[in-house]
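Here, each number is a calculation from the coordinates, and none is a lab measurement. Because the structure is a prediction, the values reported are computed rather than measured. Note that each Cβ is placed from the backbone with ideal geometry, even for glycine, and that neighbours are counted across all protein chains shown.
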Ligand SMILES: C[S@@+](CC[C@H](N)C(=O)[O-])C[C@H]1O[C@@H](n2cnc3c(N)ncnc32)[C@H](O)[C@@H]1O
């Protein structure tokens, strides 16, 4: 399969580099400058709400917040233009599959997508991620820039698989809920060579791309279109149920239902692992993370922070529930915390739990 990025014209490449550069400067220069302004006020806020109030009065704040939103819009423009101008070729490669596929693709055209999923252009991506086959390519392209290229070659998700998922040499089934275009699922067959790996998502375009890319490289994954709250997968059949960056896209009730479904799927002794965000405890940093939700069209981010997932997992019958920070620049799981990172970053964290033995 060809990668759109390998075929960019000079103009397209320049546009991508500009957006990437803008994003980096916003995170590593504008954010620290904002912190400096905040420090100079002498504010001693202890809550996110108080820090947010001081933040909104800072001279640099309008610039900081404008840049965050505008670079996201620019990102979709450059990714969208690059993908849509190659629609025919890209559509062709979604359907040119090997005669003997290693994995499978099961789409469900009758699956009803929830309103909370279709009502918003998540991440400001025009048309969102479920509407058109090209939206998966656009998202794949845009996500590389959002991750500041730290996830090129599945680096980030491989680090998650290596440091957050348990070693299980005889695993038989692993499920990835909210697998998108397969970025989070792809490292799983190498981690669990004895297991059937299933990726589940609501969005058919993402699954088509995930399937085509897995087959193009001979990786055996079964992709299914289903709601993570009701996957249709057999109860007590999974060694690990995982998901990355998915819970924060759901309202609180759906988060709860997804955890309950994950608990249902796990074998006794099986492990739940979700990569999500956590507040860091630094009120100013957390205020900017809160506001990222509005600026990036993430309507349920606050539902994640407002849900006590330790309690939700416990109520779902799981034990050994914990949150552990995850730092993509410092070798993954970080029991000691994120440390002192001067730049703006996503406060990743791993939610872990175990289904007790019967
Ligand atoms: C931010 S993407 C993450 C994709 C992938 N896990 C990754 O780390 O790149 C969130 C994905 O979750 C999917 N999603 C959201 N709610 C879902 C649900 N209830 N059931 C299944 N998938 C869902 C979206 O369609 C999207 O593909």
**Fill in**
In nm, the gap between the two label points placed 7 Å beyond Cα toward Cβ at residue 111 and residue 36 is 4.8
**Prompt:** Suppose R0 equals 45 Å; then what is the FRET efficiency for residue 28 and residue 88 from their Cβ-Cβ distance, rounded to the nearest 0.05?
**Reply:** 0.70
**Item:** Pairs of Cα atoms farther than 20 Å apart, region 149-215, %
**Value:** 25
**Prompt:** Label 7 Å along Cα→Cβ of residue 119; region 230-264 residues with amide nitrogen under 19 Å?
**Reply:** 247-258
**Request:** Just round it to a whole percent: the fraction of Cα-Cα distances in the chain exceeding 26 Å.
**Result:** 51
**Message:** Out of all DSSP beta bridges in the chain, what portion is antiparallel? Express it as a percent rounded to 5.
**Reply:** 40
**Item:** Simple spin-label estimate for residue 46 and residue 323 in nanometres, 7 Å along Cα-Cβ
**Value:** 1.9
**Spacing of the two label points (7 Å from each Cα toward its C-beta) at residue 104 and residue 336, in nm** = 4.7
**Request:** Sort region 1-67 into rounded, prolate or oblate with this rule: let a ≥ b ≥ c be the square roots of the eigenvalues of the Cα gyration tensor; rounded if a/c is under 1.5, and if a/c is not under 1.5, prolate when a/b is larger than b/c, oblate otherwise.
**Result:** prolate
**When region 125-274 is reduced to its Cα atoms, the Kirkwood hydrodynamic radius in Å** = 15.4
**Request:** Using a 10 Å cut-off on Cβ atoms, rank the peptides 72-81, 87-96 from the highest mean neighbour count down.
**Result:** 72-81, 87-96
**Prompt:** Mind ordering 289-299, 330-340 by average Cβ neighbours within 10 Å, highest first?
**Reply:** 289-299, 330-340
**Request:** Rank by packing, highest mean first: peptides 206-214, 269-277, 110-118, with packing defined as the count of other Cβ atoms within 10 Å averaged across residues.
**Result:** 206-214, 269-277, 110-118
**Asked** Expressed as a whole percent, how much of the Cα-Cα distance distribution for region 293-358 exceeds 20 Å?
**Response** 45
**Message:** Give me the three principal axis extents of region 213-286 from the C-alpha atoms, as integers in angstrom, largest value leading.
**Reply:** 45, 32, 23
**Message:** Counting C-alpha atoms alone, how compact is region 68-145: give Rg to one decimal and Dmax as a whole number, in angstrom.
**Reply:** 14.6, 45
